[in-house]
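Notes follow the structure.
The values are calculated or read from the model by the stated rules, or taken from the named source; none is laboratory data. Keep in mind the model is a prediction, meaning the values are calculated, not measured. So basically every Cβ, Gly included, is an ideal-geometry build from the backbone, and we count neighbours across all protein chains shown. Accessible surface areas use protein heavy atoms only, side chains included; no ligands, DNA or RNA. Shrake-Rupley method; radii C 1.70, N 1.55, O 1.52, S 1.80 Å.
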Amino acid sequence: MSAPRGTQAAIAAGAVYFLVLVPALMLGMAITTVQNTTAAGEYTCGLQHPLADLGPGGGAQQIGNREWTSEQLTNAQTIVNIAVQRKLPRRAAILALATAIVESQLINVPYGDRDSLGLFQQRPSQGWGTAEQVSNPTYATNTFYDRLLAVPGWQTMPPGAAEQAVQRSGFPDRYAPQEPVAADLAGRYWQGPDNPAPPPPGTAPAQVGLAYGGCPDQGGANLPLDRDKLPEGYQLPTDPTQSAAVSYALSQVGKPYVWGATGPDSFDCSGLMQAAWAHAGVPISRTTTTQRHDGVAVGSISQAQPGDLLFIPGSLGTASNPRHVGMYAGHGVVVNAFDSSTGVILQPLQTWTPQIVAIRRITTGGQTPPGPGGDPRT
């Protein structure tokens, strides 16, 4: 027996309410919540980069038969993309990746045998560049490729031979077993078809100024100020390593923010931190999520020293997973690559303090703590 006509109308009205009005109301509440959060003074930023939670700038990934950390994948992507931009064959990227896996496990380490540093454990005393240069993954990768191209017949050498010709390692048999693993990584990040053989040695290589990965939080805050002037009486720290890092960061004030950039003409938040510490001859990792584990923890803001990295959630992060980083420059000043509309600026420490969720010290009493790391890495 059918329901009375009035009952049928009531049922229809109820269906419209639950299927149309309730979702619309929920959406309106969500938008209002976001607007209210932003108005309350949260750090804001642009849309999240599509790779932010997949490898570079985000979490770990399984590629081939191994799981790789975000830091390892960020450096792998840098190595591959530089090969692509220099129009080198994919084989060059595989050899570079295999070398970096052996030498550093694809981590930009601040220590090594004698004066070895960085991804490829390049030695300043052996003509690879200054400590600052070999601590920069982009420079280190380009230098590896420069020397690889100078090896006659490198493309057709048996596994491990070309890497050994570049590195001159005391353990030449370590490279060949890593080439299949390196090929998996190269396949993940290679863009476009393979490239033909490069021009003969002596041809000037293309220069690449952009390291990939970047700061997952794309900047942003509502805390501007007198953003390019240091307080009266400001002095750099007396420790020479801290002074070198802080002075470099301060000298970049006014330069633009570009996601994924590590200088010298533009930076993102974590790119500025890496470049500043590379200037001091100390390699650190590339992204905010991995810099969060570099050096050693500092217990409170009252213990902060110049050069310490300060972390806040940003609009894409949380207290346990901060996505924006700046450097404490001393005298109550923080220097950071703010956002794409503002660039690198100075801010008062007091405006950061309520949101700081982590502080990391890269040097302690003139010594570099073991690292970069503290997080589990393979």
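The single condition among (1) assigned to a loop (DSSP other than H, G, I, E, B); (2) touching a residue at least 40 places away in the same chain (Cβ under 8 Å) that V151 does not meet is (2). Checked against (1) buried (at least 17 other Cβ atoms within 10 Å of the Cβ); (2) part of a loop (DSSP other than H, G, I, E, B), N336 meets all criteria but (2). Scanning region 294-316 turns up no residue that is outside any loop (DSSP other than H, G, I, E, B), at pLDDT below 95, in contact with a Phe, Trp or Tyr (Cβ under 8 Å, 6 or more places away or on another chain) and among the polar types (S, T, N, Q).
Counting residues in region 264-285 that are among the β-branched types (V, I, T), at pLDDT 90 or above, in a helix (DSSP H, G or I) and closer than 26 Å to I107 by Cβ gives zero. Kindly evaluate T363 against the criterion of being open to solvent by less than 10 Å² (accessible area, probe 1.4 Å), of a type outside the set (D, E, K, R) and modelled with pLDDT under 95. For T363, the condition - open to solvent by less than 10 Å² (accessible area, probe 1.4 Å), of a type outside the set (D, E, K, R) and modelled with pLDDT under 95 - is met. Inside region 71-123, residues that are open to solvent by 20 Å² or more (accessible area, probe 1.4 Å), under 16 Å from R147 (Cα atoms) and not in a helix (DSSP H, G or I) make up a count of 4. When you check L223 against the structure, is it touching a helix residue (DSSP H, G or I) at 6+ places or on another chain (Cβ under 6 Å), modelled with pLDDT of 60 or more and either over 22 Å from E132 (Cα atoms) or surrounded by fewer than 20 Cβ atoms within 10 Å (Cβ to Cβ) (or both), yes or no? Spelling it out, it is not the case that L223 is touching a helix residue (DSSP H, G or I) at 6+ places or on another chain (Cβ under 6 Å), modelled with pLDDT of 60 or more and either over 22 Å from E132 (Cα atoms) or surrounded by fewer than 20 Cβ atoms within 10 Å (Cβ to Cβ) (or both).
For every residue, the table says whether it meets (1) buried (at least 24 other Cβ atoms within 10 Å of the Cβ); (2) within 18 Å of the chain's Cα centre (by Cα); (3) farther than 21 Å from G59 by Cβ; (4) of a type in the set (D, E, K, R).
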site: L250; (1), (2), (3), (4): no, no, yes, no
site: S270; (1), (2), (3), (4): yes, yes, no, no
site: Q274; (1), (2), (3), (4): yes, yes, no, no
site: A278; (1), (2), (3), (4): yes, yes, yes, no
site: Q291; (1), (2), (3), (4): yes, yes, no, no
site: F311; (1), (2), (3), (4): yes, yes, no, no
site: M327; (1), (2), (3), (4): yes, yes, yes, no
site: H331; (1), (2), (3), (4): no, no, yes, no
